[in-house]
Each structure stands twice: as C-alpha cells, then as structure tokens.
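What follows is calculated from the coordinates using simple rules that are stated; it is not laboratory data. Keep in mind it's a predicted model, so treat the numbers as computed, not measured. Backbone-built Cβ (ideal geometry, glycine too); neighbour counts: all protein chains shown.
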Amino acid sequence: MTEKTKLVRIATRKSALALWQAEFVKAQLEHFHSDVRVELVPMSTQGDIILDTPLAKIGGKGLFVKELEQAMLDGRADIAVHSMKDVPVDFPEGLALHTICEREDPRDAFVSNNFANISELPKGAIVGTSSLRRQCQIRALRPDLEIRDLRGNVNTRLAKLDDGQYDAIILAAAGLIRLEMGERIADYIEPEVSLPANGQGAVGIECRIDDEVTKALLAPLEHTQTRIRVNAERAMNRHLEGGCQVPIGAYALVDGEQVHLRGLVGAVDGSEILNDEVTGHINDAEKIGVELAKKLLAQGADKILAEVYRDA
Ligand SMILES: NCc1[nH]cc(CCC(=O)O)c1CC(=O)O
C-alpha cells in the first residue's frame, strides 16, 4: 500500500442484494481510482430485524437506512449504498445523497413456477407482495385474486414461493437481475400495469456533506439521466409526504431535453386509483414532480393517503 492510498468504508446491509450493490460501488471506485482501497462495513437495520410485521404497520421512515447513517455520522463509515426506493426523501443533518448510479430495469417482475403472467392466474390465486403500491394496482386489475403479505429478502421470498405458499409473487426485476436470478422472472410487468416505486432499480450513495475527498472520488459514478428521473420521482413523493411504504407510484422517462413523469396514488383495496402525468424540461425535474403531486392532490390523493395512514 502506498502512502497516498485512500480508504473508503462502505456501510451496508447484509442482505445479498445490499452486499451486491456495495460490491458494485467498491468495484467502480477501484476501477476509477487506482489509489483507493474500499472496505465493506456490514450491519443490520430495523427493517432487517423486524420480519414478522407488515412494513406498512411498523411505520417510521428510513427503516433500512438509519443504522447506516449513524455509522457515517459517527465516522465508522464514509459512504452508504442504498436502493433508492428505500431512501427517505429527507436526510439527517450533515448527510446527503451525493451520487445516483445508472438505473437497472425499473419494472416489477411477476415470478411464478406455474403461471406465465398475471392474466393467466385463475380466480382466487394467491399473490405475495408486501408493497401497498403493488397490492393496489394488482387489485384494481384483478379484484378476484387474493393478495397476501410477503416479507424477507429476495431469497426468503423466493423460498416461500417455492414452498407453495403463493401461486405467484411480485418483486422488483432489478433485485433478481442483480443477483443473477433473472431467469426466475416469468413476466416483466409494464409500468402501464404496475407503475414502479420512485427510484426503483437505482442505486444511490450517501455521504457526509463536508467530506470533499470522498465526494470527489464518487463523482465518476454519477449517471446524469438516472439522476434527472429519480429527482422528478422523489420530488413527487416528497410533496405527497409519502415514504416508500405507501400506495404511490412514480416513474419518469427522459427523452432528449424532456422529462415525462407519471404518478399514481391508490386506495390499498384497489377501489380507487388516481393517475396523472406531467412533461417538462429536464432542468425542471423537481418542479415537475411537485406539479404532478399537486395535480394528484387536486384529484383527491390527500383523502386516499389519509385513509392509508389511519388504517396502518
Ligand atoms: N423494499 C425492498 C427492496 N429495495 C430494493 C429492492 C429491489 C431493487 C431496487 O429497486 O433497486 C427491493 C426488493 C423488491 O422490491 O422486490
């Protein structure tokens, strides 16, 4: 090791997907900087420990990130690597989301050992998902299916499907692809059928605001188009005051100088779903997110969300 070697410590959850994402960032940092050494600092978060309660009922934002943030604030780690979907819209003082890496496939995936897609499922079939967003969209499409809660990391969820506890489960395609289990995906669910969660499929890197050395090292990992999309999506969620455990979908696409954002707020039972969209210039990504949130609120999103929070 030479004298100028810089150590970057990555706070990460211990799930296979979190470790994959941390290893990915480690490899990228080492690829761009020959004088950087990267260490993983694995830890458990509340979201990993409380496994027997539906996520929506545990409440509190940042179930999967708080412990990682504390490690950075205490100086036990320099950066934290997150699935953007799990990152709350606001950060503790002293920390910020510095980098957003290129997005993987953002779609939800239909996984089943017996059925090729949602339309093939027979009446009464049992579908596993722990996401209110997926639940309300599937219920709107197929009110005859039975939705059951499904917790645990990707491997646990697949094991429960293979046990026969469910006829099908819905997962983020990105997690399966990253873990080289893409062949388990029977069908990719298009955004028109299941609008993804804000940030789904994107990896973000958080660090201390005053850590200029680390911030400079992270710069080459930033992916501008993903940043624009995720900024628009997160701005919508922020204005709706929605964490990740709410029936809210937000999905942006960039076409040249334009960003096109679609948003959805739904009642958990699928009885009511509000959809809207806004297009504007890429420099106004966040304004577009706020504008879309306002349109959804004007349609009655506030009433739907108030009901979700009351029932939770
Ligand atoms: N809430 C858990 C979580 N956080 C990120 C992903 C998948 C990968 C991603 O969206 O980047 C998953 C699993 C899932 O929803 O199936």
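If packing is taken as the mean number of other Cβ atoms within 10 Å per residue, what is the order of 37-44, 75-82, highest first?
On the way: 37-44: 15.4, 75-82: 22.2.
Descending mean neighbour count gives 75-82, 37-44.
Please work out the ratio of the alpha-carbon Rg of the chain to 2.2 N^0.38 Å and round it to two decimals.
Numbers: Rg = 19.4 Å, N = 312, 2.2 N^0.38 = 19.5 Å.
Working it through for the chain, the quotient is 0.99.
Work from the charge dipole of the chain (Cβ charges, +1 for Lys and Arg, -1 for Asp and Glu, about the Cα centre) and give the residue of ALA293, GLY256, THR279 farthest towards its positive end.
With unit charges placed on the Cβ atoms, the residue in question is ALA293.
For helix 132-141, what angle does its Cα long axis make with the longest principal axis of the chain, in degrees from 0 to 90 and rounded to 10?
30 degrees
Counting Lys and Arg as +1 and Asp and Glu as -1, each charge on the Cβ, what is the dipole of segment 137-234 about the Cα centre in debye, to the nearest 20?
On the way: 13 positive and 17 negative charges, 35 e Å.
Here segment 137-234 has a charge dipole of around 160 debye.
Which entries in the list LYS215/LYS294; LYS66/LYS215; LYS85/LYS215; LYS160/LYS303; LYS26/LYS66 go over 27 Å, if you measure between the two C-alpha atoms of each? Kindly include the intermediate steps, with their values, before the conclusion.
Working: LYS215/LYS294 34 Å; LYS66/LYS215 21 Å; LYS85/LYS215 22 Å; LYS160/LYS303 35 Å; LYS26/LYS66 21 Å.
The answer is LYS215/LYS294; LYS160/LYS303.
Along the charge dipole of segment 162-297, Cβ charges K/R +1 and D/E -1, which of ALA235, LEU179, GLY270 sits furthest on the positive end?
Towards the positive end, the residue furthest out is ALA235.
Mind checking the dipole of segment 237-311: about its Cα centre, +1 per Lys or Arg Cβ, -1 per Asp or Glu Cβ, Debye to the nearest 20? Walk me through the intermediate numbers first.
Details: 7 positive and 13 negative charges, 25 e Å.
Dipole of segment 237-311, to the nearest 20 debye: 120 debye.
If packing is taken as the mean number of other Cβ atoms within 10 Å per residue, what is the order of 137-145, 185-193, 247-255, highest first?
Values: 137-145: 17.9, 185-193: 16.2, 247-255: 23.6.
Taking the mean over residues of other Cβ atoms within 10 Å, the ranking is 247-255, 137-145, 185-193.
Count the DSSP beta bridges whose two residues both fall in segment 108-189, then state the antiparallel fraction as a percent rounded to the nearest 5.
Numbers: 7 of 12 bridges.
If I count the DSSP bridges inside segment 108-189, around 60 percent turn out antiparallel.
Which of VAL87, VAL246, VAL278 moves the most in a Gaussian network model of the chain with Cα springs under 10 Å?
Result for the chain, Cα springs under 10 Å: VAL278 fluctuates most.
Mind listing the Cα extents of segment 149-268 along all three principal axes, in Å, largest one first?
Principal-axis extents of the Cα atoms in segment 149-268, largest first: 50, 32, 28 Å.
So how strong a dipole does the chain carry about its Cα centre when Lys and Arg Cβ are +1 and Asp and Glu Cβ are -1, to the nearest 20 debye?
Numbers: 37 positive and 49 negative charges, 77 e Å.
In debye, rounded to 20, the chain gives about 380.
From the C-alpha gyration tensor of segment 237-311, pull out the three semi-axes of the equivalent ellipsoid (sqrt of 5λ each), sorted largest to smallest, in whole Å. Don't skip to the answer; put the middle values down first.
Values: eigenvalues 115, 23, 20 Å².
With the √(5λ) rule applied to segment 237-311, the semi-axes are 24, 11, 10 Å.
With runs of 4+ DSSP H residues as the only contributors, calculate the mean residue ellipticity of the chain at 222 nm using -39,500 (n - 2.57) per run, divided by the residue total and rounded to the nearest 500.
On the way: 11 runs with 108 residues, N = 312.
It lands at -10000 deg cm²/dmol.
Provide the percentage of antiparallel DSSP beta bridges, counting only those with both residues in the chain; round to the nearest 5. Mind dumping the intermediate values first?
Details: 34 of 48 bridges.
Here the antiparallel bridges make up roughly 70 percent for the chain.
Packing-wise, with mean Cβ within 10 Å as the measure, how do 94-101, 231-238 rank, highest first?
On the way: 94-101: 19.0, 231-238: 26.1.
Final packing ranking: 231-238, 94-101.
Given that compact globular proteins tend to follow 2.2 N^0.38 Å, what is the ratio of the alpha-carbon Rg of segment 108-189 to that value? The partial results should precede the final answer.
Values: Rg = 11.4 Å, N = 82, 2.2 N^0.38 = 11.7 Å.
Cα Rg divided by the expected 2.2 N^0.38 Å: 0.97.
Counting alpha carbon pairs within less than 8 Å and at least 6 residues apart, what relative contact order, in whole percent, applies to the chain?
20 percent
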